[in-house]
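Trainee: Just passing along the structure, written as structure tokens.
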Amino acid sequence: MEEREWVYWMLLAHGEHRDLRKRFRQQQPADIGAFLRDQPEWTQMEPLLTQEALVLHQFLQQGGQFLTCYHPEYPARLHDASAPPLVLYALGKLALLESAPLAAIAGSRNPSEEAQTQTQRVAQHLTEQGYGIITGFAKGIDQIAARTALEAGGIVVGILPQGLLSKLTQQLVREWMQPLNDDRLLLLSELHPLAGWSSGAAMMRNRLVAALAEFVVIIESGARESLKNGKKVFSGTYQCAEVAHKMGRTVYALDLPAPGNQQLLKTGIARRWGEPLEQSHHSQLHLFP
Amino acid sequence: MHSQDLMTVLRERFGFDAFRDGQEEAILAALEGRRVLLIQPTGWGKSLVYQMIAALRGLTLVFSPLRALMRDQVRQACERYALRADTVNSDMDEEEQQAVLERAVNGQIDLLYIAPERLSNPLWQEYQLRLPIRAVVIDEAHCVSVWGHDFRPEYRRIVHLVRLLPPEVPVVAVTATATPRVEQDVREQIGEPFHILRGALTRPNLRLFVQRVNSDAEKLVWLDHLLRLLPGSGLVYTATRGNSEWVAQYLQERGHTVAYYHAGLGAERTALEQQLIRNELKALVCTNALGMGLDKPDLRFVIHAETPASPLHYYQEIGRAGRDGEPSWCVLLAHPDDKILQENMIRNSRPAPNAYQQVYTLLQQSPMRERELSLETGLTQNSLRTILYDLMDQGLITRDSERYYRAIRRGQIDHFHYQAILEAKLHDLEAMLAYWETSECRMRYLCRFLGDETARNCGVCDRCQQKGLPPPEPALFAEAERFAYHPPLPLSGVYQKEPVYVQGYALSYYGGTPIGEVVHRCKYESGGALPDWVIQQAATCVRERFPLQQIDALVPIPPSVSGGFVEDFARRLAQQLGVPYMPVLQKTRATRPQKEWTNKVQKAENLKDALLCTQPLNGKRLLVVDDVSDSGVTLEVAGKILKKAGAGALYAFCLARTRHRGDL
Ligand SMILES: [Zn+2]
């Protein structure tokens, strides 16, 4: 019975055992239970089985779905990401991933007015062209894009940088209940259901956004790095563009004065949104207004 | 784990030299990762099986349906075997709960008892990732199955949890009674590999009798008679809360030391159980709210004033008698109306399909908490909770940790399933009614229904002996008939820690009585004023039932719509009794007739601030008069306003009361 193996997967995916995960990825054992019982880490893991089962149970009661990387429904595109998630948690209909090609929209949490208007235009246009929108589902550009796409009758996938049972997610779920139940919104997370928000996780989720998307549109990005209160900070949007570029996904950036946009265009990581595409499979879909 | 190691633990920790048949097998099977179902009669030692597992494995989570049950088992585990057992439940405040959970986290608890609902409690959820739980026990496992005698939808959660547990976590389900159908259902739900141990069910020391009664009065006579006849102390089961109060009152008036006991009582339930255990009471007159947790091995009799819903219920309830192995009596009073009563209870046990749809539709529109849903739908708390659990069970809605319910998908509510359950329950009821007439040994009949084909004739029941119980004195009938005619009112509400009303009676029942018909005609079909004979009977009843010389005045409840029906009745009654008439309650705004509202929250909202008292009452003792009482909410609200205005003792009197809530 596969259900009974799920907590093994949780312990493998979320524990502090980096080496164990490495061994697992190398060996790709067919029977995860047998594999784990042979590992030196097992004595620390076994006492935790029921606790994880309780959490998973709570998540499933919320209508959630649990997916391992062995599952037939596990999205193949995620294998393009570095360290593809061993497990995925989903709220909403998983089949949305297959129902339309996905275009990622990324941008800052505190967008300029111009960027907000542009987000709506881009999201509207992509939806009309038959794309689903995938975002990091943060406040600002991400959620404006999601709202616009849903209002235009499209579908949306959000990759959350926190667990799907966290307080933050529960609020989101109540707020976005209608599109979730209408099978037009899918929320995904690779994190333990109870994990809270963290900036590290926010960066890590960019690789999943990029992997699932056919291409990425950067609306408005801060500079790659800047100083804030004397500390070096990296722009999440910029990092998303870099990750996608490295993965071989086409990255577009709007030609807005934002420092990150200009940097991306100058370095050649991104193309200017609005230029005609050469030999790209998206070109036939009349990408540009 | 080897049997020798088990024997060592058994001897050193539990002080036994040997296992009972099957105990060792069960423990080993569970430790090897098989799911174990133990179907064994009470007293066989099911708890030893999981107490051993807790001693061997560490923190063991025990799901149990009733708080009373948990309390007793915690005490037993602590006292007898020095296990560290505790419970977290809703009787405890948050700090107490936290203290227990902290101890569990720190490895200071072996057995932790919780109700299945606890899984969705926010505090529990905060702790669950730190609780070192090593084994899971499902007590009263028949509650998992809709085919059992006590299905609890919240038990389905445990099933979903257990299915996620890998074989390293032992899972033991235990029950005293499961028909073959229930057994199969539990097996399918909990999943393979499954190991069943089923024991024999015959209880040779129980003496089963069935006694026919043809009226309420005859039933009371037999109860009175049986309490004189039977030795020791025991239980009198009734089918409803109202009946338990009614029967208890009669038996008290007849000089028996009895008390009523039902789920509507609060903390005093424990005290009542203790009184029974110490034999300070001849009997508790109870609904099936009493039972599983009662730890009284020398219970000498279990009398059923009404026929239960199935042989399974009956076996379970009489099973509490004679656990010490001494002869004990189990008498079923069979009244022709029992069939209708049980049929109604079975049919009403599930809310109507459109109520399900209403709740589901609301939750598709926006997330809501239970109170909002209650106000919005008008459903009773019980109905609403049943609906919510069923919809959760069907995966259509969920509840988050901030207590919001919401739809999680669009789908069809499956009513077909419930229809099948309903039919199965009616079928079980037929089997129970056939118990009245069976020519077979009664114990054998029950055991065979429960899947034990090995049962032989008991030799002590009324069928085996071909002899019934000695009949009561004919002289007992007159008093019982008088009592059966004036039922007590369902009264609730507390003012400054005292019940609002000292006591209350109705002249008669509303349905199926001459008085009820007259009231209905006069009130709802404009049949005019009440005839004089009704007033005279009312006056006689008040003189008999209330301390009239201690009543200063008579106060009518103002009507919800215009019309002076109650005032007219109250004025004429006051005149007849020679007591002052004081219409001090006044409406401040129009209200809807109470019967249009279906739940207590709504009824109370309907009356909120709608009544006021026109003068200070300076300790006056009052008889509050209404025409028909159903839920008792109107009397409660009015009583509190009178108390606030300074009233002394309050009594209530109505022309009629409904037999079951909502019969108006
Ligand atoms: Zn017999």
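The values are calculated or read from the model by the stated rules, or taken from the named source; none is laboratory data. Being a predicted model, the structure only gives us computed values, none of them experimental. A quick note on method: Cβ atoms are made from the backbone with ideal geometry, for glycine too, and the neighbour counts reach across all protein chains shown.
Trainee: Answer yes or no as to whether residue B:510 is at pLDDT 85 or above and either under 19 Å from residue B:627 (Cα atoms) or away from the ligand (no atom under 16 Å from the Cβ) (or both). Show your work before the answer.
Mentor: Working: at pLDDT 85 or above: no; either under 19 Å from residue B:627 (Cα atoms) or away from the ligand (no atom under 16 Å from the Cβ) (or both): yes.
Answer is no for this residue.
Trainee: Out of curiosity, is residue B:186 surrounded by 19 or more Cβ atoms within 10 Å (Cβ to Cβ), β-branched (Val, Ile, Thr), farther than 22 Å from residue B:389 by Cβ and not assigned by TED's automatic domain parsing to the domain that holds residue B:258?
Mentor: Details: surrounded by 19 or more Cβ atoms within 10 Å (Cβ to Cβ): yes; β-branched (Val, Ile, Thr): yes; farther than 22 Å from residue B:389 by Cβ: no; not assigned by TED's automatic domain parsing to the domain that holds residue B:258: yes.
Judged against the criteria, residue B:186 is not a match.
Trainee: Going by what's in this entry, would residue B:402 be described as surrounded by fewer than 20 Cβ atoms within 10 Å (Cβ to Cβ), within 14 Å of chain A (Cβ to nearest Cβ) and under 24 Å from residue A:57 (Cα atoms)? Quick ask: steps written out before the conclusion?
Mentor: Values: surrounded by fewer than 20 Cβ atoms within 10 Å (Cβ to Cβ): yes; within 14 Å of chain A (Cβ to nearest Cβ): yes; under 24 Å from residue A:57 (Cα atoms): yes.
It is true that residue B:402 is surrounded by fewer than 20 Cβ atoms within 10 Å (Cβ to Cβ), within 14 Å of chain A (Cβ to nearest Cβ) and under 24 Å from residue A:57 (Cα atoms).
Trainee: Just give me the residues in the stretch B:541-559 being touching a Leu at 6+ places or on another chain (Cβ under 9 Å) and either polar (S, T, N, Q) or more than 20 Å from residue B:642 (Cα to Cα) (or both), in sequence order.
Mentor: Our first condition is that a residue be touching a Leu at 6+ places or on another chain (Cβ under 9 Å); within the stretch B:541-559, this holds for B:541-543, B:546, B:548, B:551-558.
Across the stretch B:541-559, the qualifying residues are B:541, B:542, B:543.
Trainee: At least 1 residues that are in contact (Cβ under 8 Å) with a residue 24 or more places away in the chain and in contact with a Ser or Thr (Cβ under 9 Å, 6 or more places away or on another chain) in each: list the strands (runs of 3 or more DSSP E) lying fully within the stretch B:186-238 that qualify. Spell out how you get there, then give the answer.
Mentor: Numbers: elements: B:194-198, B:206-212, B:234-237.
So the answer is B:206-212, B:234-237.
Trainee: With B:357, B:412 as the choices, which residue is outside any helix (DSSP H, G or I) and more than 12 Å from chain A (Cβ to nearest Cβ)? If you could, list the steps in order and put the result at the bottom.
Mentor: Details: B:357 fails: outside any helix (DSSP H, G or I).
Only one candidate qualifies: B:412.
Trainee: Another question, if that's okay. Restricting to the stretch B:463-480, count the residues that are within 10 Å of the ligand (Cβ to nearest atom) and surrounded by 15 or more Cβ atoms within 10 Å (Cβ to Cβ).
Mentor: Summing the residues that are within 10 Å of the ligand (Cβ to nearest atom) and surrounded by 15 or more Cβ atoms within 10 Å (Cβ to Cβ) in the stretch B:463-480 gives 2.
Trainee: From B:108, B:73, B:98, grab the single residue that is surrounded by fewer than 20 Cβ atoms within 10 Å (Cβ to Cβ), in the same structural domain as residue B:15 (by TED's automatic domain parsing) and in a helix (DSSP H, G or I). Even if it seems obvious, please write down each step before you answer.
Mentor: Details: B:108 fails: in a helix (DSSP H, G or I); B:73 fails: surrounded by fewer than 20 Cβ atoms within 10 Å (Cβ to Cβ).
Exactly one of B:108, B:73, B:98 is surrounded by fewer than 20 Cβ atoms within 10 Å (Cβ to Cβ), in the same structural domain as residue B:15 (by TED's automatic domain parsing) and in a helix (DSSP H, G or I), namely B:98.
Trainee: What pairs come up if the first residue lies in the stretch A:192-211 and is modelled with pLDDT of 95 or more, the second is in a helix (DSSP H, G or I) and among the basic types (Lys, Arg), and their beta carbons are under 7 Å apart, counting only those six or more places apart or on different chains?
Mentor: Hits for this filter: A:211/A:77.
Trainee: Also, I was wondering about something else. Step by step: first the residues of the stretch B:551-568, then only those that are over 35 Å from the mean Cα position of the chain (by Cα) and modelled with pLDDT of 90 or more, then the one that is surrounded by the most Cβ atoms within 10 Å (Cβ to Cβ). Which residue is that? Working first, answer last.
Mentor: At the first step, the residues of the stretch B:551-568 found to be over 35 Å from the mean Cα position of the chain (by Cα) are B:551-554, B:561-565, B:567-568.
Keeping just the survivors that are modelled with pLDDT of 90 or more gives B:551-554.
Numbers: B:551: 20, B:552: 17, B:553: 17, B:554: 23.
For the stretch B:551-568, the residue satisfying everything is B:554.
Trainee: For the stretch B:111-135: of the residues being crowded, with 22+ Cβ neighbours inside 10 Å, within 12 Å of another protein chain (Cβ to nearest Cβ) and of a type in the set (A, V, I, L, M), which is nearest to the chain's Cα centre (by Cα)?
Mentor: Top of the filtered list is B:112.
Trainee: Follow-up. Would you check if there is a residue in the stretch B:490-500 being in contact with a Ser or Thr (Cβ under 6 Å, 6 or more places away or on another chain) and more than 16 Å from the ligand (Cβ to nearest atom)?
Mentor: Filtering the stretch B:490-500 down to residues in contact with a Ser or Thr (Cβ under 6 Å, 6 or more places away or on another chain) leaves none.
For the stretch B:490-500, residues in contact with a Ser or Thr (Cβ under 6 Å, 6 or more places away or on another chain) and more than 16 Å from the ligand (Cβ to nearest atom): absent.
Trainee: Is at least one residue of the stretch B:173-186 within 14 Å of chain A (Cβ to nearest Cβ) and not basic (Lys, Arg)? Spell out the reasoning first.
Mentor: Taking the stretch B:173-186 and keeping what is within 14 Å of chain A (Cβ to nearest Cβ), we get none.
Looking through the stretch B:173-186, none of the residues is within 14 Å of chain A (Cβ to nearest Cβ) and not basic (Lys, Arg).
Results for (1) within 14 Å of chain B (Cβ to nearest Cβ); (2) farther than 30 Å from residue B:104 by Cβ; (3) of a type in the set (Val, Ile, Thr); (4) surrounded by fewer than 19 Cβ atoms within 10 Å (Cβ to Cβ), shown as yes or no for each residue.
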position: A:40; (1), (2), (3), (4): no, no, no, yes
position: A:46; (1), (2), (3), (4): yes, no, no, yes
position: A:49; (1), (2), (3), (4): yes, no, no, no
position: A:53; (1), (2), (3), (4): yes, no, no, no
position: A:59; (1), (2), (3), (4): yes, no, no, no
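Trainee: Go through the stretch B:17-39 and give me each residue that's of a type outside the set (Asp, Glu) and in contact with a strand residue (DSSP E or B) (Cβ under 7 Å, 6 or more places away or on another chain). It would help to see each step written out before you state the result.
Mentor: So the first thing to find is which residues in the stretch B:17-39 are of a type outside the set (Asp, Glu), and the list is B:18-20, B:22-23, B:26-31, B:33-39.
Result: B:22, B:26, B:29, B:30, B:34, B:35, B:36, B:37, B:38, B:39.
Trainee: Next up: Looking only at the stretch B:141-166, count every residue that is within 14 Å of another protein chain (Cβ to nearest Cβ), in a loop (DSSP other than H, G, I, E, B) and farther than 24 Å from residue A:163 by Cβ and tell me the total.
Mentor: Total satisfying the criteria: 2.
Trainee: Kindly indicate whether any position in the stretch A:135-155 is surrounded by fewer than 24 Cβ atoms within 10 Å (Cβ to Cβ), of a type in the set (Asp, Glu) and modelled with pLDDT under 95.
Mentor: no
Trainee: Just wondering, is there one or more residues in the stretch B:7-22 that are buried (at least 19 other Cβ atoms within 10 Å of the Cβ) and under 34 Å from the mean Cα position of the chain (by Cα)?
Mentor: The initial filter retains those residues of the stretch B:7-22 that are buried (at least 19 other Cβ atoms within 10 Å of the Cβ), namely B:10, B:19.
Now drop any that are not under 34 Å from the mean Cα position of the chain (by Cα), which leaves none.
No, there is no match, as no residue in the stretch B:7-22 is buried (at least 19 other Cβ atoms within 10 Å of the Cβ) and under 34 Å from the mean Cα position of the chain (by Cα).
Trainee: Among the residues of the stretch A:127-168, what is the count of those that are in contact (Cβ under 8 Å) with a residue 60 or more places away in the chain and within 14 Å of another protein chain (Cβ to nearest Cβ)?
Mentor: 3
Trainee: I would also like to ask the following. Please tell me if residue A:86 is touching a Cys at 6+ places or on another chain (Cβ under 8 Å), more than 10 Å from chain B (Cβ to nearest Cβ) and surrounded by 18 or more Cβ atoms within 10 Å (Cβ to Cβ). Show your work before the answer.
Mentor: Details: touching a Cys at 6+ places or on another chain (Cβ under 8 Å): yes; more than 10 Å from chain B (Cβ to nearest Cβ): yes; surrounded by 18 or more Cβ atoms within 10 Å (Cβ to Cβ): yes.
Against the criterion (touching a Cys at 6+ places or on another chain (Cβ under 8 Å), more than 10 Å from chain B (Cβ to nearest Cβ) and surrounded by 18 or more Cβ atoms within 10 Å (Cβ to Cβ)), residue A:86 qualifies.
Trainee: Considering only residues that are closer than 19 Å to residue B:311 by Cα, more than 31 Å from the chain's Cα centre (by Cα) and near the ligand (Cβ under 10 Å from one of its atoms), which ones fall in the stretch B:441-462?
Mentor: Result: B:456, B:457.
Trainee: Test residue B:138 against the stated conditions and say whether it is within 13 Å of another protein chain (Cβ to nearest Cβ), within 29 Å of residue B:400 (Cα to Cα), buried (at least 18 other Cβ atoms within 10 Å of the Cβ) and in contact (Cβ under 8 Å) with a residue 40 or more places away in the chain.
Mentor: For residue B:138, the condition - within 13 Å of another protein chain (Cβ to nearest Cβ), within 29 Å of residue B:400 (Cα to Cα), buried (at least 18 other Cβ atoms within 10 Å of the Cβ) and in contact (Cβ under 8 Å) with a residue 40 or more places away in the chain - is not met.
Trainee: Shifting gears a bit: So residue B:453 fits all but one of (1) assigned to a loop (DSSP other than H, G, I, E, B); (2) of a type in the set (Asp, Glu); (3) in contact (Cβ under 8 Å) with a residue 12 or more places away in the chain; what number is the exception?
Mentor: Only one criterion in (1) assigned to a loop (DSSP other than H, G, I, E, B); (2) of a type in the set (Asp, Glu); (3) in contact (Cβ under 8 Å) with a residue 12 or more places away in the chain is unmet by residue B:453, namely (3).
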